[in-house]
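> This structure is in structure tokens; I'll ask about it shortly.
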Amino acid sequence: GAGVSQSPRYKVAKRGQDVALRCDPISGHVSLFWYQQALGQGPEFLTYFQNEAQLDKSGLPSDRFFAERPEGSVSTLKIQRTQQEDSAVYLCASSLMSSAGRGDTIYFGEGSWLTVV
Amino acid sequence: DQQVKQNSPSLSVQEGRISILNCDYTNSMFDYFLWYKKYPAEGPTFLISISSIKDKNEDGRFTVFLNKSAKHLSLHIVPSQPGDSAVYFCAASLTGKLIFGQGTTLQVKP
């Protein structure tokens, strides 16, 4: 596809359940970012990949959060033992550049809406 | 601590008038500042940016002003149109990632 694709678009998980969120970046894009956006807040940085290398995971809120991009294209964000405070929109973004740069080269997906009940 | 702040959660403007959205930041190491626009159920889309070495950047109806001494930037939309109604996020670039403000919901009334 032409843009960043995320699946599932909507996910309802029971507390304690594990979830996996998928991101298909724009073909050929080097950088991939995951952001978490809580209701009424701005996106907050979670982690950043350059190709398959995870260069920054400083934003992951706990060791229940894990992200991978094994072949340098598709990425998966996994949340283990979900809790209510994990309810948020998870945004994936990709860029042809090797970093966020000026920001104008970053393209966001529509997000995966996670609700933990 | 919030490094990028948008203190106005919402703004309502009449069509044709100017919309001014404000943003404050704390970290003087930011190298680029950006504005993103977000419609419901969509991801943010890039609107306009400014380098930290500039004080103004203009693109059509959109102008961003940067006041480094005050650590403040603003987005001006002139003239405002109903299609501009959306959530606007201010963001700053640091070490390869973006740090976002909380967003301001702009409503442009016909």
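> Relative to the Cα centre, what is the charge dipole magnitude of chain A, using +1 at the beta carbon of each Lys and Arg, -1 at the beta carbon of each Asp and Glu, and rounding to the nearest 20 debye? Each step should come with its number before you reach the end.
On the way: 11 positive and 12 negative charges, 67 e Å.
For this selection, approximately 320 debye.
> Quick check: pseudo-label points 7 Å beyond the Cα along Cα→Cβ at A:Ser62 and B:Gln14, how many nm apart are they?
5.1 nm
> I would also like to ask the following. Please compute the average number of Cβ atoms from other chains found within 10 Å of each residue's Cβ in peptide A:30-37.
Numbers: counts 0, 2, 0, 3, 0, 5, 0, 6.
Mean inter-chain Cβ contacts per residue within 10 Å come to 2.
> Rounded to the nearest 5, what % of DSSP beta bridges with both residues in the protein assembly as shown are antiparallel? Show your work: numbers first, answer last.
On the way: 72 of 81 bridges.
Counting only bridges with both partners in the protein assembly as shown, antiparallel ones make up about 90 percent.
> Would you calculate the convex hull of the Cα atoms in chain A and tell me its volume per residue in Å³?
On the way: hull volume 11.0 nm³, N = 117.
Each residue corresponds to 94 Å³ of Cα convex hull volume.
> Taking the Cα centre as origin and putting +1 on Lys and Arg beta-carbons and -1 on Asp and Glu beta-carbons, what dipole magnitude results for chain B, to the nearest 20 debye?
Approximately 80 debye in magnitude.
> Calculate the mean, over all residues of peptide A:44-50, of how many other protein chain Cβ atoms lie within 10 angstrom of the residue's Cβ.
Details: counts 2, 6, 1, 1, 4, 0, 1.
Counting Cβ atoms of other protein chains within 10 Å of each residue's Cβ and averaging gives 2.
> Here's something else I'd like to know. Could you tell me which of the pairs A:Lys11/B:Lys37; A:Lys57/B:Lys37; B:Lys68/B:Lys97; A:Lys11/A:Lys57; A:Lys11/B:Lys54 are separated by over 32 angstrom between their Cα atoms in the structure shown?
Long pairs (Cα-Cα over 32 Å): A:Lys11/B:Lys54.
> Report ³J(HN,Hα) in whole Hz for each residue of the stretch A:7-18, in order, from the Karplus equation J = 6.51 cos²θ - 1.76 cosθ + 1.60 where θ = phi - 60°; Gly and Pro get x.
Rounded to whole hertz, the list is 8, x, 6, 9, 9, 10, 10, 7, 3, x, 7, 8.
> What's the whole-number percent of alpha carbon pairs in chain B lying beyond 22 angstrom?
On the way: 1521 of 5995 pairs.
The calculated P(r) of chain B puts 25 percent of pairs beyond 22 Å.
> In the neighborhood of B:Lys109, defined by Cβ-to-Cβ distances under 14 Å, what is the net charge if each Lys or Arg adds +1 and each Asp or Glu adds -1? Let's see the in-between values first.
On the way: positive: B:Arg17; negative: B:Glu15, B:Asp84.
Neighbour charge sum, excluding B:Lys109 itself: -1.
> A further question follows. Taking chain A as a Gaussian network, where each spring joins two C-alpha atoms under 10 Å apart, which residue of A:Leu96, A:Leu77, A:Leu21 fluctuates the most?
It is A:Leu96.
> Can you give the relative contact order of the stretch B:4-109 as a percent, counting alpha carbon pairs under 8 Å and 6+ residues apart? Intermediate results must be reported in sequence, preceding the final value.
Numbers: 258 pairs, mean separation 40.1, N = 106.
Reported as a whole number, the value is 38 percent.
> Now a separate question. Nearest 5 is fine: what % of DSSP beta bridges in the stretch B:4-109 come out antiparallel, could you say?
Values: 38 of 43 bridges.
Here the antiparallel bridges make up roughly 90 percent for the stretch B:4-109.
> Still on this structure, I have one more. Quote to one decimal, in nm, the extra length available between B:Ala70 and B:Asn7 on full extension: 0.36 nm per residue of separation minus the C-alpha distance between them.
On the way: separation 63, 0.36 × 63 = 22.68 nm, distance 1.49 nm.
Roughly 21.2 nm would be gained on extension.
> Please give me the summed charge of the neighbours of A:Phe49: other residues whose Cβ is under 13 Å from its Cβ, Lys and Arg +1, Asp and Glu -1.
On the way: positive: A:Lys57, A:Arg69, B:Lys97; negative: A:Glu52, A:Asp56, A:Glu68, A:Glu71.
The answer is -1.
Just so you know, all these numbers are worked out from the coordinates, no wet-lab data involved. The shown structure was predicted, so the numbers you read here are calculated from the model rather than taken from an experiment. FYI the Cβ positions are ideal-geometry reconstructions off the backbone, even for glycines, and counts take in every protein chain you see.
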